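Colleague: My questions will all concern the structure given below.
The values are calculated or read from the model by the stated rules, or taken from the named source; none is laboratory data. Not measured: the values here are computed from a predicted model. Cβ atoms come from the backbone with ideal geometry, glycine included; neighbour counts cover every protein chain shown. In case anyone asks, the SASA skips ligands and DNA or RNA and just uses the protein heavy atoms, side chains included. Shrake-Rupley method; radii C 1.70, N 1.55, O 1.52, S 1.80 Å.
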Amino acid sequence: MTHARSRHDGASTSVEVSEEGLPGWLLPVRDAARTVRPEQLSSFLPPPDGAGRPSAVLVLFGEGRQGPELLLMERASSLRSHAGQPSFPGGALDPEDGDPLGDGRIRAALREAEEETGLDPTGVQVFAVLPSLYIPVSRFVVTPVLGWWRRRTPVAPVDPAETARVFTVPVAELTDPANRATAVHPRGHAGPAFLVGSALVWGFTAGVIDRILHYSGWEQPWDRERRVSLDWHT
């Protein structure tokens, strides 16, 4: 069995992507990741001139009390970008992460997850890397790295100045039509949203979750006319 491994010694550490031994319920996500194209994930794609700051997020699936679940965190309200938003663990690549077009993205996703949530990356099996997408407001070029939480370890905010809380969301709650809506930004942009527990997941994170559910065949019909305003988030 191979895992993705990344510690603070940076690019000298090997990273591996393996589909071996994934649970059966995760195979639809694996299959979707094999064929999905960038334009199927988002209309915001990396600038052709290579502009934008390379970054990565860890989309980590685990097995919880209520079945399959995703690891999320809430960013601290004091941060300059995406303050207070629920998000995947992740952030910009550091030089020691290595090639921003190759393994550096995996190292960055695992490193950031460890720094933000205390996650032990040796318990994570990376099984796919999705196409890179673009967040215009922050000018990040973001690569979603998909992982299976083979060996769970405790997670909690490491630095309250960066992370307000760390939590998991059952996939069943994300697919429940009652928890789905379209978020409307004051500037007019609209996109998918999830109302799960005390969190409103929207923006880039919700967009990635929405597309994973769709192309994995997990999506259930939901009321796309249901609107939730983001006025109080701005």
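Colleague: Calculate, for D49 and A172, the FRET efficiency according to 1/(1 + (r/R0)^6) with r their C-beta to C-beta distance and R0 41 Å; round to the nearest 0.05.
Modeller: 0.45
Colleague: How big is the shadow of the Cα convex hull of the range 60-191, averaged over all directions, in nm²?
Modeller: Approximately 8.9 nm², given one-decimal rounding.
Colleague: While we're looking at this one, here's another question. Which longest uninterrupted range of the chain lacks any trypsin sites (Lys or Arg not before Pro) assigned by DSSP to a loop state (not H, G, I, E or B) and surrounded by at most 13 other Cβ atoms within 10 Å?
Modeller: The reported range is 1-64.
Colleague: Then there's this: How many Å² of accessible area per residue for the chain, probe 1.4 Å?
Modeller: Averaged over the residues of the chain, the accessible area is 46 Å².
Colleague: Could you compute the FRET efficiency for S198 and S14, with r as their C-beta to C-beta distance and R0 at 30 Å, rounded to 0.05?
Modeller: So the FRET efficiency works out to roughly 0.15.
Colleague: Roll a 1.4 Å probe over the protein heavy atoms and report the accessible area of T153 in Å², nearest 10.
Modeller: The accessible area comes out at roughly 30 Å².
Colleague: Just P46, P38, P131 to compare: in a GNM of the chain, with alpha carbon springs under 10 Å, which one fluctuates most?
Modeller: Between P46, P38, P131, it is P38 that shows the largest mean-square fluctuation.
Colleague: Any chance you could run the full-extension gain for V158 through Q66? It's 0.36 nm times the residue separation minus the Cα-Cα distance, nm to one decimal.
Modeller: Between V158 and Q66, full extension yields an extra 30.6 nm.
Colleague: Which FRET efficiency value, to the nearest 0.05, is calculated for L27 and E219 with the Förster distance at 22 angstrom and r the Cβ-Cβ distance?
Modeller: Given R0 = 22 Å and the Cβ-Cβ separation, E is 0.85.
Colleague: Tell me, how many Å apart are the Cα centres for the range 86-105 and for the range 172-227?
Modeller: The range 86-105 and the range 172-227 have Cα centres spaced 26 Å from each other.
Colleague: Pick from V126, V17, V57 the residue whose mean-square fluctuation is largest in a GNM of the chain, springs joining Cα atoms under 10 Å.
Modeller: Residue with maximal mean-square fluctuation among V126, V17, V57: V17.
Colleague: P(r) of the range 46-130 in 10 Å steps, Cα pairs, percent per bin?
Modeller: Going out from 0 Å in 10 Å bins, the range 46-130 shows 16, 45, 31, 7, 0 percent.
Colleague: Sticking with this one: Normalised radius of gyration for the chain, please: alpha carbon Rg relative to 2.2 N^0.38 Å, two decimal places.
Modeller: Rg over 2.2 N^0.38 Å, computed on Cα atoms: 0.95.
Colleague: Hey, could you get me the Stokes-Einstein D for the range 163-234, Kirkwood radius over alpha-carbon pairs, 10 °C and 1.306 mPa s, rounded to whole µm² s⁻¹?
Modeller: Value of D from the Cα-based Kirkwood radius: 126 µm²/s.
Colleague: Over the range 26-79, with every protein chain in place, what whole percent of the accessible area is carbon and sulfur at 1.4 Å, could you tell me?
Modeller: Carbon with sulfur: 50 percent of the solvent-accessible area.
Colleague: Most mobile of A108, A193, A56 per a Gaussian network model of the chain (Cα springs, under 10 Å)?
Modeller: Comparing A108, A193, A56 in the GNM, the peak value goes to A193.
Colleague: Something else: Which net charge results for the neighbourhood of Y215, defined as the other residues with beta-carbon distances under 14 angstrom from its beta-carbon, given Lys and Arg at +1 and Asp and Glu at -1?
Modeller: 0
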